[in-house]
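Novice: Quick one: the structure is below, questions incoming.
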């Protein structure tokens, strides 16, 4: 089943830059540390499977280098233009959030956020992004939320499902309070910092049955999970969903969940109306 034109993609993953590309966004101390310790040669990829594994990217969603997600031109062509996407949220999966060194993690998270703003959000107006934060240092995470949250193109704070402690623990409450002050939802992405065993519960298989078990069709959001290989061609959604539910998953629920997306949606609608008037 194809998605309706104007859908909002709530989860796609741009290819993360090598550490050498982040050096310009780091303080002098960390620039020196990365160079002297040869850390600037590392990729800092955070993934549950090797980059060359088939599920890491559809064959047609690998760039010329073979990297999942490729570059911005590939993302723009395959994840935005192809599906008529109105807005899309970039979730940067970067290894900074799994580092044991809390200070280095904070510095690299900030560098990734600045890189996303400059290299993605400035260059493609349909893109929005999540704020990457060092969750094992809640004070530093709050500071990063307040620093980056002034930019309304960042629409949520991204956490992994499994980390140093369960996400309901009090040590994380300052992160949630900061996000609430700035009207930033908390996005909990499947994944782990690999320091704790994953949950024994499996993932749901049948979407329609899952919706019935949830008792609500307002809790799920559409995403392509670009560039990961979950479907072929343009049939993004499973068959059997009625049109009203498709619209809720792809448009209404994202707009209700992310207050900051409404700004971009309104601008997009106005631009479409102007184009129709000119024609």
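The values are calculated or read from the model by the stated rules, or taken from the named source; none is laboratory data. Treat the numbers as computed from the prediction; the structure is a model and nothing was measured. Quick reminder, even Gly has a Cβ in these numbers, built from the backbone with ideal geometry, and neighbours come from all protein chains shown.
Novice: Tell me, which residue of region 173-184 that is touching a helix residue (DSSP H, G or I) at 6+ places or on another chain (Cβ under 8 Å) and assigned to a loop (DSSP other than H, G, I, E, B) is surrounded by the most Cβ atoms within 10 Å (Cβ to Cβ)?
Specialist: Selected residue: 184.
Novice: What number of residues in region 105-122 are surrounded by 18 or more Cβ atoms within 10 Å (Cβ to Cβ) and either closer than 21 Å to residue 188 by Cα or out of contact with any strand residue (DSSP E or B) (no Cβ under 6 Å at 6 or more places or on another chain) (or both)?
Specialist: 11
Novice: Which pairs do you get when a residue that is over 18 Å from residue 88 (Cα atoms), found in region 202-230, comes within reach of a residue that is surrounded by fewer than 16 Cβ atoms within 10 Å (Cβ to Cβ) and modelled with pLDDT of 70 or more, reach meaning Cβ atoms under 7 angstrom, with the pair 6+ apart or on two chains?
Specialist: Here the result reads 207/238; 208/240, each pair linking region 202-230 to a residue that is surrounded by fewer than 16 Cβ atoms within 10 Å (Cβ to Cβ) and modelled with pLDDT of 70 or more.
Novice: Let me spell it out: the conditions are (1) over 19 Å from residue 175 (Cα atoms); (2) surrounded by fewer than 16 Cβ atoms within 10 Å (Cβ to Cβ), and residue 88 meets all of them except one. Which number is the exception?
Specialist: (2)
Novice: Shifting gears a bit: When you scan region 119-128, do you find a residue that is at positive phi and out of contact with any helix residue (DSSP H, G or I) (no Cβ under 8 Å at 6 or more places or on another chain), even just one?
Specialist: Looking only at region 119-128, we keep the residues that are at positive phi, and these are none.
Within region 119-128 (the criterion being at positive phi and out of contact with any helix residue (DSSP H, G or I) (no Cβ under 8 Å at 6 or more places or on another chain)), the answer is no, since none of the residues qualifies.
Novice: Now a separate question. Hey, can you tell me all the residues within region 144-172 that are surrounded by fewer than 18 Cβ atoms within 10 Å (Cβ to Cβ) and in contact (Cβ under 8 Å) with a residue 12 or more places away in the chain?
Specialist: Our first condition is that a residue be surrounded by fewer than 18 Cβ atoms within 10 Å (Cβ to Cβ); within region 144-172, this holds for 146-147, 150-152, 161, 164-171.
Within region 144-172, 146, 147, 151, 152, 161, 164, 167, 171 meet the criteria.
Novice: Just the residues that are under 19 Å from residue 254 (Cβ atoms) and either in a loop (DSSP other than H, G, I, E, B) or modelled with pLDDT under 95 (or both), please, taken from region 121-148.
Specialist: 124, 125, 126
Novice: Same structure, new question: Has region 35-54 got at least one residue that is over 18 Å from the mean Cα position of the chain (by Cα), modelled with pLDDT of 75 or more, within 27 Å of residue 124 (Cβ to Cβ) and part of a loop (DSSP other than H, G, I, E, B)?
Specialist: Within region 35-54 (the criterion being over 18 Å from the mean Cα position of the chain (by Cα), modelled with pLDDT of 75 or more, within 27 Å of residue 124 (Cβ to Cβ) and part of a loop (DSSP other than H, G, I, E, B)), the answer is no, since none of the residues qualifies.
Novice: Right, next: Identify all residues within region 64-85 that are surrounded by fewer than 18 Cβ atoms within 10 Å (Cβ to Cβ), in a loop (DSSP other than H, G, I, E, B) and in contact with a helix residue (DSSP H, G or I) (Cβ under 9 Å, 6 or more places away or on another chain); write none if there are none.
Specialist: Once the filter is applied, which keeps residues that are surrounded by fewer than 18 Cβ atoms within 10 Å (Cβ to Cβ), in a loop (DSSP other than H, G, I, E, B) and in contact with a helix residue (DSSP H, G or I) (Cβ under 9 Å, 6 or more places away or on another chain), region 64-85 yields only 64.
Novice: Same structure, new question: Of the residues that sit in region 15-34 and are in a loop (DSSP other than H, G, I, E, B) and either within 22 Å of the chain's Cα centre (by Cα) or modelled with pLDDT under 90 (or both), which one is surrounded by the most Cβ atoms within 10 Å (Cβ to Cβ)? Spell out the reasoning first.
Specialist: Taking region 15-34 and keeping what is in a loop (DSSP other than H, G, I, E, B), we get 15-18, 26-27.
Cutting the leftovers down to either within 22 Å of the chain's Cα centre (by Cα) or modelled with pLDDT under 90 (or both) gives us 15-18, 26.
Numbers: 15: 21, 16: 24, 17: 18, 18: 14, 26: 20.
Taking the candidates together, the pick is 16.
Novice: Oh, and also: For residue 105, state whether it is outside any strand (DSSP E or B), over 26 Å from residue 232 (Cβ atoms) and in contact with a helix residue (DSSP H, G or I) (Cβ under 7 Å, 6 or more places away or on another chain). Let's see the steps before the verdict.
Specialist: On the way: outside any strand (DSSP E or B): yes; over 26 Å from residue 232 (Cβ atoms): yes; in contact with a helix residue (DSSP H, G or I) (Cβ under 7 Å, 6 or more places away or on another chain): yes.
Yes, satisfied.
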